[in-house]
Amino acid sequence: MKVNYDLFNNIVDKTDFEHVCFPFGKDAGELPADFTNKDIISGKVKALLGMEMKRPFSWKVIATNPEATTRREQEEFSKIRDFVVNSIIAPIQEKLEMEYQQEMQGKELTEEDRQRIQAEVQERLKTMTPKEVKRYMEREHQDPAEVLGNQLLQFLIQKEDIRMKFNKGWKHGLISGKEFYWVGTINGEPVVRVINPLYFDYDRQSEKDFVEEGDWASYEMSLTPMEIVKYFSGDLTQTEIDEIYEEYNSATALPDHAFSFRNDGTSSLGIRVVHCEWKALKPMKFVTTRDLETGEIYEDMVDESYEINYEAGDLSIETVWILAKYEGYQIGKDKFAGMREVPGQHKDFDNLYNCKLSYIGACYDSLNSENTSLVDRMKYYQYMYNILFYKIESLIATDDGKMLLLNGNLIPNNA
């Protein structure tokens, strides 16, 4: 996969072409030409990147739960609409109609005149209505949850620069055929990260199309001690923090490539930090309760530590094992942090086993085979293009130009 990124950056590994550069063996030496990459890939990738950047970043939050739009909310919206009409629009319309009546005073109006005046009143009414009122009157009813969701996303899109990150993820997809993100919280703040496919591993079951549907995922990072303290200071003791600085200064915590799924062949100058996330079973209790005031019987989901309370109206309780996701960080070789159940997990009563990882993404064109990216499809032509040009340059290097053969005995000697 690393070779795809090198090709995009106009870098080619000459060791892959020893059969071309050293056709007679390394002892015989290299042909009189320099094997370099003649880039024909990056332009195609950049063209698709530009097309993605120009696309409108449109989205909308829609509440799908049955309680999203209730009769009470509809009635409230209707009353607000009537108030706006009666207090703002009606006086403007009445004033316009009086002006037309004064202009047409003493004249007998036909049906066509009345329709024309009414149309002119409505047209002028649109121009005289305040923009805020017009926008409110024209929009459809929106559930409060949808309004709040849109406002939160508007803020997070700006805070996290989501559009730039999506474009970067698209670039990874074009080059490597893999596009991954991580959505979670760090120090209580929501964060969206673009995941580098070179350092990411996950559950590769063929029946699951998306990473979040798998059972586990793991991402390898290289962090400085300052970054580690920033993210995990609450989980590390002062002694552990001092040890991290000592390990960093002595380079004993650099990644051990024998225990790593990095495949880029490069060394890291930071401390190896691995984040793992996995799914496991968790007990949850469902309690059936009778409302002491109304007598209504309902069912609610409670924590596993809940004990039945008959005095509060509890009738029965049942324990069910459901899926939940957990996470943990390994820092260096022997330190661990953030070992916990992932906070903020939403459970749907209609589908208790719907549990998705915080890592989101998919591989391109991987149905019953290895994933294939755009660069993978162009790689053969790039290699052939490089080899042909190398052969041409080798022939040019051996060309001594035109030569004229003369027989010296046939030249008259005037000496």
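The values are calculated or read from the model by the stated rules, or taken from the named source; none is laboratory data. In this text, all values refer to a predicted model and were calculated from it rather than measured experimentally. Don't worry about glycine lacking a Cβ; one is built from the backbone with ideal geometry, like all the others, and counts go over all protein chains shown. To get the accessible areas, we keep the full protein, side chains included, count just its heavy atoms, and leave off ligands, DNA and RNA. Shrake-Rupley method; radii C 1.70, N 1.55, O 1.52, S 1.80 Å.
Once Rh is set to the Kirkwood radius over Cα pairs, what Stokes-Einstein translational diffusion coefficient, in µm²/s, holds for segment 178-219 at a temperature of 10 °C and a viscosity of 1.306 mPa s? In µm²/s, the coefficient rounds to 139.
Remark: segment 295-415 carries 73 Å² of accessible area per residue (probe radius 1.4 Å; ligands, DNA and RNA excluded). Quote the Stokes-Einstein diffusion coefficient, in whole µm² s⁻¹, for segment 1-41, based on the Kirkwood radius over alpha carbon pairs, a temperature of 25 °C and a viscosity of 0.890 mPa s. Diffusion coefficient, whole number: 217 µm²/s. Placing a label point 7 Å from the Cα of S366 along the Cα-to-Cβ direction, the residues of segment 143-169 whose backbone N falls under 17 Å of that point are 169. Counting pairs of Cα atoms in segment 342-412, how many percent are more than 22 Å apart? In whole percent, the share of Cα-Cα pairs in segment 342-412 beyond 22 Å is 68.
Residues whose amide H falls under 5 Å from that of I195, counting only those 5 or more places apart or on a different chain, are F180, Y181, W182, with hydrogens built in the peptide plane.
Computed over every Cα-Cα pair of segment 280-348 and binned at 5 Å starting from 0, the pair-distance distribution P(r) comes out as 3, 14, 18, 17, 12, 12, 9, 6, 4, 3, 2, 1 percent. Rg and Dmax, both from the Cα atoms of segment 183-246 and both in Å, are 15.3, 46.
Its alpha carbons considered, segment 310-373 gives a radius of gyration followed by a Dmax of 19.3, 63 Å.
Residue pairs exceeding 26 angstrom between C-alpha atoms, taken from K208/K282; K279/K335; K26/K46: K26/K46. Solvent-accessible area of segment 180-248 (1.4 angstrom probe, protein heavy atoms only): carbon and sulfur portion equals 49 percent. With each label point set 7 Å from Cα along the Cα-Cβ vector, what nm distance links M403 and K60? The answer from the label model is 7.9 nm. Compactness of segment 154-211 is given as radius of gyration and Dmax, 12.9, 37 Å, from Cα positions. Ordering 306-318, 323-335 by mean Cβ neighbour count within 10 Å, with the highest value first, yields 323-335, 306-318.
The stretch between I241 and E393 holds 49.0 nm of extra length on full extension. This uses 0.36 nm per residue minus the Cα-Cα distance.
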